[in-house]
Amino acid sequence: MDFATIVEILDSAVRLGTPLLLACLAGLFSERAGIFDIGLEGKMLMAAFFSGAVAAVTGNAWLGLLAGVGGSMSLAFVHGLASITFRGNQLISGVAVNFLASGFTVLIAQSWFHQGGRTPQLSGNGRFEPITLPGAEAVKDVPVIGQIYANLLSGHSILVYVAFAMVPITWWVLFRTRFGLRLRAVGENPESVDTAGISVIRLRYTAVAITGVLAGLGGVYLATGLAAGFVKEMTAGRGYIALAALIFAKWRPVPALGATMLFGLLEAISNRYPNIDLGVITLPIQFMQAVPYILTVIILAGFIGKAIPPRAGGQPYVKER
Amino acid sequence: MEKTPKWVDVALIPVLNLLIAFVISGIVVLLIGEDPVKAIKVMVSGALGSPYGWGYTLYYSTNFIFTGLAVAVAYHASQFNIGGEGQATLGGLGVALVLLAVPWPHWTIALVAAMFGGALFGAAWAAIPAWLQAKRGSHIVITTIMFNFIGASVLNYMLVNVLRPPRSMDPATARFPAATHLPTFHDIPLVGQFFSKSVPANVSFFIAILACWLVWILIWRTKLGFEIRAFGRSEPAARYAGISPVKIVMAAMLISGGLAGLMAINNVMGEAHRLVLNSVEGAGFIGIAVALMGRNHPFGVFLAALLFGFLYQGGGELALETTIPRELITVIQALVILFTGAFDNMLRAPIESFFVARANARKEA
Amino acid sequence: EPAIIYDLGGKYDKSFNEAAFNGAKRWADETGGSYKELEMQSEAQREQALRKLAESGANPIVMTGFAFGDTLNNVAPDYPDTKFAIVDMVVDQPNVESIVFKEEQGSYLVGLMAGMASKTGTVGFVGGMDIPLIRKFACGYVQGVKAANPDAKVIQNMTGTTPAAWNDPVKGGEIAKAQISQGADVIYAAAGGTGIGVLQAAADAKVLSIGVDSNQNYLHPGQVLTSMLKRVDNAVYDAFKAGPDLKPGIKVMGLAQDGVGFALDDDNKALVTPEMLKAVDQAKADIIDGKIEVHDYMSDDSCPVQ
Amino acid sequence: MVETGTTEAGRQATAALATPEGAPAIELKGISKAFGTVQANKDISIRVMPGTIHGIIGENGAGKSTLMSILYGFYKADAGEIWIKGRHTPIPDSEAAIKAGIGMVFQHFKLVQNFTVLENIILGVEDGALLRPSLAKARKELKRLAEEYELNVDPDETIEELSVGHQQRVEILKALYRQADILILDEPTGVLTPAEADHLFRILDNLRREGKTIILITHKLREIMEITDTVSVMRRGEMTATVKTAETSPEQLAELMVGRKVLLNVTKTKAEPGRTVLEVENLSVKDEDGVERLKGIDLTIRAGEILGIAGVAGNGQSELLEVLGGFATGTGTIRINGEEIDLTGKHSDGQSRRRRGIAHVPEDRHRLGLILDFTAWENMVFGYHADPAYQKNSFVMDNAGIVSHTAEAMERFDVRPPIPTLPAKSFSGGNQQKIVLAREIERNPDLLLVGQPTRGVDIGAIEFIHKRLVELRDQGAAILLVSVELDEIRSLSDRVAVMFDGRIMGHGPVESATQTGMGCLMAGLGGDDVRGMDGWTISDEAAPEETD
Ligand SMILES: Nc1ncnc2c1ncn2[C@@H]1O[C@H](COP(=O)(O)OP(=O)(O)OP(=O)(O)O)[C@@H](O)[C@H]1O
Ligand SMILES: Nc1ncnc2c1ncn2[C@@H]1O[C@H](COP(=O)(O)OP(=O)(O)OP(=O)(O)O)[C@@H](O)[C@H]1O
Ligand SMILES: [Mg+2]
Ligand SMILES: [Mg+2]
């Protein structure tokens, strides 16, 4: 395997890992605030649809982005309503959100575009095109450094850079700002926040809204960055993988980057090497395709360190029984 | 505290929630430019208007009873089993292997063996997530989701590379021998005359009812059920009482997986007579909604499964007869889960405080 | 009144079912007649849909997809006066016409073109799921490529194992990129909705792609080398036209019957060189004559070339 | 233990109360609050003058915490008004309370476990959107407060690494940092050693001198008498009286609390201990984090005697009960009736312990002893559900039989209402405790483990429970009694052992145990008071000198 191949695989890992990263950071905000969210998948799907649809109609990817994020946030609001206001079961709400997105997108797509639950193909300004970083062309033949710069770092859509920038920003917000302090506190012990004179409800809704935005960006990237339009169920389980990555990362932003990129890398590798011949036995394609899921289970089994979720996670804040 | 009458809890609130879900679904139908009244008519007549409709409705209900019971049993041990889909998939594999391996002389014997195979494979697929939860605290929600994906890969491999008859186009097993075909409603004496030959509802329906009864016995009459419920309500108390968390999580999840796996006697053995890819078609997930609606009680699960059977058959007819896409059913299903599950307190809180206020007023008087 | 049942992919799947729909529409437009259509909702409904149409008096009833085979085998004897046609599967009943396509032949032709168009000597194949039908496509394609260039390398990928495999353009695009980075400069996609992502990624990377089932050249004019046509539309049109007189038995739709082929239109005219055209026309003639025998994966569940 | 100076200041403040000049610091008018059908506060009015310490006493569940939580804006009152410093001040949330200068140390601390002290202090009163300046400022301020009030804590330590006493300091610092001049403390001494409690009272006294107003909730009449200026008594959600501390007596307060004269002494004959039932040697227990909670305990209990374990909560008593009851693992040896039992958890659990005749009334009946959603009859067999007597056949349990058995047991233990099908959560605390006791006692165990048998139980039930325990002893059972109430230990036990920091500091006959001696042992101290107790064996671990 030469260096160029490694760079190509890593490049693919970055693209495949980016939606996972956005969704994972989305989940991080929510779960750090004590709201479990298995509805990331649905939020991404909703965003993918609305961004694809609006970008197709207007021909403008940015309008698509707004619409996509709006779609995702509306589901985030539903989840917030269920888990914050009505103190319902957060897992159940997440399941409902996923179903809602999977039915709703196709239903609307069909009655809007009559293309079998698909949006029209995007082109031109309807998509987020790759950005070539300055000087990338010039250095692309410089061994190693130039190759990395031109082929790995350069040439992604704006949303990839946004996603990567979100990692330090998330870290900074979480650990260096007042909002972050309160957010982490409300996920650990909402009573401490309440008795400190801060509204638990407002804080948690804010967190859920941020989740909506980030998950939305993930979906937008799928439909308008990676693909060129919406296809039903196009998230294909990525929301669940992001969730697994979040646990793997122990709810921390920098490890979240590592975890999502690892999953991206695994998928990139299985795309590149559909069958792995081990000499004695050839691993079938079905095995390679299951590897990310198997790995997730192994990670969750705690052989790579035990993850302690935010203490108040998953429980509605109930003062009076 | 317990001042709300029981009927409010088990009947009024669920029915109201259901109503809201349906009203919103109606609005969605309006939004996509269709006629909700006509939609309801098509659904009702398609699902309940004829023995033929009933034959399908009860077939789907049978699937949902099994998966609903699966979710309910795990839920009593406070385990949220989202893996019904994968467990039912593997159950199908178990049933197929059993039926293809031996030339069964009669369907009754085949059925017993197939039930064993389906339950065993379903339980096995639940065992690893259960063990990881019990021993290592791995979140069972995530692990069971992962096992759904892994299950799909296993089935794909088995069907394409192992079980597919040579030169068959279909990634499916061979047809099971005729001797193993279960009697459908048409073949049952007395009622058979009402049902046409083609209805898929079969004797599995009665097995499902039997399963409801057995689950009821298990949960409310046996030591194990007692322990499962105790553990589900309070893990520390269960430990105090000498109830082993590992044992209970394993037992509840194995039973849960087994029930999900049993579903295969209906769809694989009873209907398709062979195992195809994606034979479960989401029934595992619907089980969640069914258990929620049925308040995790076998009788409630039975009623809710009938409701979802109706939704499925009615919704299918709807898509066959109108231009409303089948995804409408998914939306209705989502709304039902949302309102009867996650938004439950929306109505419950005001209704309960109404009854509390009434109780307090009576006390004053 | 004839009727058609689409398989679970739905009638707007941009490939197989949509082709069937186009055939039905063409018949309706030309004759002014009307027809019934149903979209499958679930596995258990197959029988339901069939019987429903049969009982409504529809004749003939056409269905798309091998998955109907088993059901039709059961249902057909109950309606001896109704004619059925099934695409992609052989059902041995006196009132059933089984329409099977020689996809390997069409794939051979596009493979030949791919082999000739490729400058790198490496081409790609993206299939939706690892199932026999897709292996059949792949095998014909590889044979064609090797015929053009015996040293050519064919990179093959399948998308997944769940139904999502047919609807994951993101993964399709990524697989295409991986193949491109390994040198593939022509990629053939036989993966439903996933293929859209493959064609897109190829167009983005300025390499050629090959569409499937319907003519997909228009998706990226000047970038799609050709499309392997599977004339399900013709099959449906013919069946509708024959009406109740539909002839039972096996109807093979190969190159000879114009059942498969490749698309040539304004969108890809510039890409297809005269030599290429000559070569495929020659190959087509040879296949029809039997001078070239394209191996069918289904005949022995294996493919002689990789 | 409190110097006379304190009471001196108290007298002055009381004098101020007699001739009120200026408005009260706090005035509550007609506060009512219901949780569902439970009326936690009924039309409560109270005035507290500035610069005084006001005590509130009352039985468990009387509504003390609820009232204070309303004052702090944690709960919203159904009716009533709050006046602060003479002004009507609605307090809809804690933010308003903090603004009004109120700080509260809750019974259950409201700290974020994995945050540092500093982070907990600034939570909610950060100076700006960025943390760094806030943290720096808080660090300086904290140093000042620490010096001024002798409230030393490491600002960079995380809460989970602090002892409860230090956690409480953080809570007090939180209030002071917010410049509270009204401080509410809800049962602050329940978790403290006597020395720590003394320290706390010195701080409170300082605060009073500065003119701050303090409300102190406690169950301990001694503390009320020592430090407060005025005291209010609550019973069943109502305020039954407010009196000046100087003008009342513990006896009077006790009577006000329960509504009749209280006899805290149990009449019992001298124990006639028989054979040895329980022998414990070198028993150690580690918690999940690997911290040693029990550090080599030795003890024996004989048939027909009650061994009382005294100690401040959290010194290993819970772990002792848990490991004996079979749901914690440990090392060492335990013999019951001469037979050794497994401590690894591999070959035994709560059920096998029960089969060996060990019954267990857990400390925390809500969390452990009962399943609140289960019915009374289900709870009546909880833990014994596998007993063959409760099975109808090899498949199903004999539910009908259990119901009728429960009805009888409820009758015998005077559980009200005696309806077996009612869920446990519908019973009052005392009746819940009786259900647990009935379940454990009715089987005539060889060894009964009891933790805090009368916690949260009304005085009538206390007498009943005490009588039952003595009866069981007289029938020849060995009883291990753990209680944080020294009075309960003294009146029930035949022998007493005092635990501190996972060890037994000393044990001996109850007759010669003195209040001060036991207090010293509870703080891990030896000294003259301890050595003066006849017949007591004192551990080498007990520090010989009384130090602070
Ligand atoms: N609770 C916290 N408060 C303040 N800073 C923190 C906190 N947790 C982590 N950090 C800082 O954040 C940075 C990265 O944090 P992150 O949690 O992503 O990974 P980490 O450093 O590996 O975590 P850790 O060191 O806590 O295991 C590190 O510099 C770390 O010191
Ligand atoms: N959040 C709540 N929801 C419902 N009921 C409550 C709640 N908090 C307290 N109660 C009930 O209100 C009553 C008064 O409780 P409160 O905590 O005020 O008592 P307390 O006097 O502080 O008792 P303790 O001495 O045990 O602390 C009790 O019956 C209790 O069960
Ligand atoms: Mg960290
Ligand atoms: Mg209290």
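The values are calculated or read from the model by the stated rules, or taken from the named source; none is laboratory data. These figures come from a predicted structure and were not determined experimentally. Using ideal geometry, Cβ is built from the backbone for each residue, glycine included, and neighbour counts are taken over all protein chains shown. We work out accessible area using only protein heavy atoms, side chains counted, and drop any ligands, DNA or RNA first. Shrake-Rupley method; radii C 1.70, N 1.55, O 1.52, S 1.80 Å.
Which loop trypsin sites (Lys or Arg not before Pro) in the range D:357-436, with loop taken from DSSP, have no more than 15 other Cβ atoms within 10 angstrom of their Cβ?
Here the trypsin sites (Lys or Arg not before Pro) that fit, given the DSSP loop and packing criteria, are D:LYS392.
What is the distance in Å between the Cα centroid of the range B:266-291 and that of the range B:1-78?
Here the two parts' Cα centres lie 18 Å apart.
For the Cα atoms of chain C, what angle does the longest principal axis make with the long axis of helix C:232-242, in degrees from 0 to 90, nearest 10?
30
State, as an integer percentage, the relative contact order of chain D based on alpha-carbon contacts under 8 Å between residues 6 or more apart.
14
Per residue, how much accessible area does chain A show when a 1.4 Å probe rolls over the protein heavy atoms, in square angstrom?
34
Please calculate how many Å² of accessible area chain B carries per residue, with a 1.4 Å probe and no DNA, RNA or ligand atoms counted.
Value returned for chain B: 35 Å² of accessible area per residue.
Any chance you could check the range C:123-149 for residues losing 50 Å² or more of accessible area when the partner protein chains are in, compared with the chain on its own (1.4 Å probe)?
Those residues are C:ASP130, C:PRO132.
Using the scaling law 2.2 N^0.38 Å as the reference, what is the normalised Cα Rg of the range D:388-523?
Scaled against compact globular proteins, the figure is 1.26.
Given charges of +1 on the Cβ of Lys and Arg and -1 on the Cβ of Asp and Glu, with all other atoms neutral, how large is the dipole of the range B:35-322 about its Cα centre, in debye to the nearest 20?
Approximately 660 debye in magnitude.
Mind grabbing the base-10 log of I(q)/I(0) for the protein assembly as shown at q = 0.06 Å⁻¹? Debye formula, identical points on the C-alpha positions, no solvent, two decimal places.
-0.68
Any idea what Rg and Dmax come out to for chain C if you just take the C-alpha atoms, in Å?
In order Rg, Dmax, the Cα atoms of chain C give 19.0, 57 Å.
For the range D:324-418, which chymotrypsin sites (Phe, Trp or Tyr not before Pro) are both in a DSSP coil and crowded by at most 14 other Cβ atoms within 10 Å?
Passing both the DSSP loop test and the Cβ count: D:PHE395.
Taking Cβ-Cβ under 4.7 Å as the only way to count a partner, pick out the unpartnered cysteines of the protein assembly as shown.
A:CYS24, B:CYS212, D:CYS520
Counting only protein heavy atoms, what percent of the accessible surface of the range C:1-49 is carbon or sulfur at a 1.4 Å probe?
Answer for the range C:1-49 is 44 percent, counting heavy atoms of protein chains only.
Could you name the aspartates and glutamates whose alpha carbon sits less than 17 Å from that of D:LYS268, not counting residues in the same chain fewer than 8 places away?
Cα-Cα hits under 17 Å: D:GLU305, D:GLU463, D:GLU471, D:ASP474, D:ASP487, D:GLU488, D:ASP494, D:GLU511.
How big is the C-B contact in terms of buried accessible area, both chains counted, 1.4 Å probe, rounded to the nearest 100 Å²?
Interface between C and B: roughly 3100 Å².
Just name one of D:VAL496, C:ILE131, D:ILE184: the one whose Cα is farthest towards the positive end of the charge dipole of the protein assembly as shown (beta-carbon charges, Lys/Arg +1, Asp/Glu -1).
It is D:ILE184, whose Cα lies furthest towards the positive end.
Please compute the length gained on full extension between D:GLU238 and D:GLU408, using 0.36 nm multiplied by the number of residues separating them and subtracting their Cα-Cα distance.
In short, 57.7 nm is gained.
Taking all protein chains in place and a 1.4 Å probe, what share, in percent, of the accessible surface of the range A:157-222 do carbon and sulfur account for?
Carbon-and-sulfur percentage of accessible area, whole number: 71.
Say a site is exposed when it is one of the GluC sites (Glu not before Pro), sits in a DSSP loop, and has at most 13 other Cβ atoms within 10 Å; what is then the longest site-free stretch of chain D?
No qualifying site falls inside D:289-510, the longest such stretch.
Scale the Cα Rg of chain A by the rule-of-thumb value 2.2 N^0.38 Å and send over the ratio, two decimals.
Relative to the rule-of-thumb radius for its length, chain A sits at 1.02.
How much accessible area per residue does chain D have, in Å², with a 1.4 Å probe?
Value returned for chain D: 42 Å² of accessible area per residue.
Let me know the charge dipole size of the protein assembly as shown about its Cα centre in debye, to the nearest 20, where only the beta-carbon of Lys, Arg (+1) and Asp, Glu (-1) is charged.
Its charge dipole is roughly 1680 debye.
Please report the antiparallel percentage of DSSP beta bridges with both residues in the protein assembly as shown, rounded to the nearest 5.
Bridges in the protein assembly as shown are about 45 percent antiparallel.
Starting from the exponent 0.38 and prefactor 2.2 Å, build the expected Rg for the range D:367-444 from its residue count and divide its actual Cα Rg by it.
1.01
Which residue, chosen from D:GLY517, D:LEU472, D:SER483, occupies the Cα position most advanced towards the positive end of the dipole of the range D:458-548, where the dipole is computed from +1 (Lys, Arg) and -1 (Asp, Glu) charges on Cβ about the Cα centre?
My answer, from the dipole projection, is D:LEU472.
Using only the Cα atoms of chain B, what semi-axes does the equivalent ellipsoid have when each is the square root of 5 times a gyration tensor eigenvalue? Give whole Å, largest first.
34, 28, 19
How tilted is helix D:4-18 with respect to the longest principal axis of chain D? Cα atoms for both, answer in degrees (0 to 90, nearest 10).
60
Treating the angle as unsigned and between 0 and 90°, give the value, to the nearest 10°, between the Cα long axis of helix D:164-177 and the longest Cα principal axis of chain D.
20
Return the lysines within reach of D:LYS220: Cα separation strictly under 21 angstrom, same-chain partners fewer than 8 residues apart disregarded; answer none if there are no such residues.
The qualifying lysines are D:LYS64, D:LYS244, D:LYS261.
Taking +1 at the Cβ of each Lys and Arg and -1 at the Cβ of each Asp and Glu, which of B:ASN63, B:ASN267, B:ILE145 sits farthest along the dipole of the range B:35-322 towards its positive end, judged by Cα position relative to the Cα centre?
Toward the positive end, the furthest listed residue is B:ILE145.
Assigning unit charges at the beta carbon (Lys, Arg +1; Asp, Glu -1) and nothing else, what dipole magnitude in debye, to the nearest 20, does the range C:76-202 show about its Cα centre?
560
When only Cα pairs under 8 Å and 6 or more residues apart are kept, what is the percent relative contact order across chain C?
Once divided by the residue count of chain C, the mean separation gives 20 percent.
Nearest 100 Å², what total accessible surface is buried between chain B and chain A (probe 1.4 Å)?
Result for this pair: about 3700 Å² buried.
Note the direction-averaged projected area, equal to a quarter of the hull surface, for the Cα convex hull of the range D:281-368, in nm².
6.1
Using R₀ = 30 Å, calculate the FRET efficiency as 1/(1 + (r/R₀)^6) where r is the Cβ-Cβ separation of B:ARG136 and D:HIS108; round to 0.05.
Calculated transfer efficiency: 0.50.
Please state the relative contact order of chain B as a whole percent: Cα pairs under 8 Å, 6+ residues apart?
34
Any idea of the total accessible area buried by the C-A contact, 1.4 Å probe, rounded to 100 Å²?
2500
How about B:LYS135: which lysines have a C-alpha closer than 18 Å to its C-alpha, ignoring those fewer than 8 places off in the same chain?
Within the straight-line limit of under 18 Å, B:LYS135 reaches these lysines: A:LYS306, B:LYS247, D:LYS346.
Taking R0 as 30 Å, what FRET efficiency do you get between A:GLN315 and B:TRP7 from their Cβ-Cβ distance, rounded to the nearest 0.05?
The computed FRET efficiency comes out at 0.55.
In whole angstrom, how far apart do the alpha carbon centroids of the range C:177-254 and the range D:514-541 sit?
Taking the Cα centre of the range D:514-541 as reference, the centre of the range C:177-254 is 92 Å away.
Which FRET efficiency value, to the nearest 0.05, do you get for D:ASP156 and C:ASN149 by plugging their Cβ-Cβ distance into 1/(1 + (r/R0)^6) with R0 = 60 Å?
Efficiency, from the Cβ-Cβ distance: 0.30.
Roughly speaking, to the nearest percent, how much of the range A:5-89's 1.4 Å accessible area is carbon and sulfur?
The nonpolar share, carbon plus sulfur, comes to 71 percent.
Between B:LYS363 and B:LEU48, what length in nm is gained on full extension when 0.36 nm per residue of separation is reduced by their alpha carbon distance?
Length gained, B:LYS363 through B:LEU48: 108.7 nm.
What fraction of the Cα pairs in the range D:248-396, stated in percent, has a spacing above 22 angstrom?
Roughly 56 percent, rounded to a whole number.
Let me understand the range A:43-188 better: what is its radius of gyration from the alpha carbons, and its Dmax, in angstrom?
That works out to 19.8, 59 Å for Rg and Dmax.
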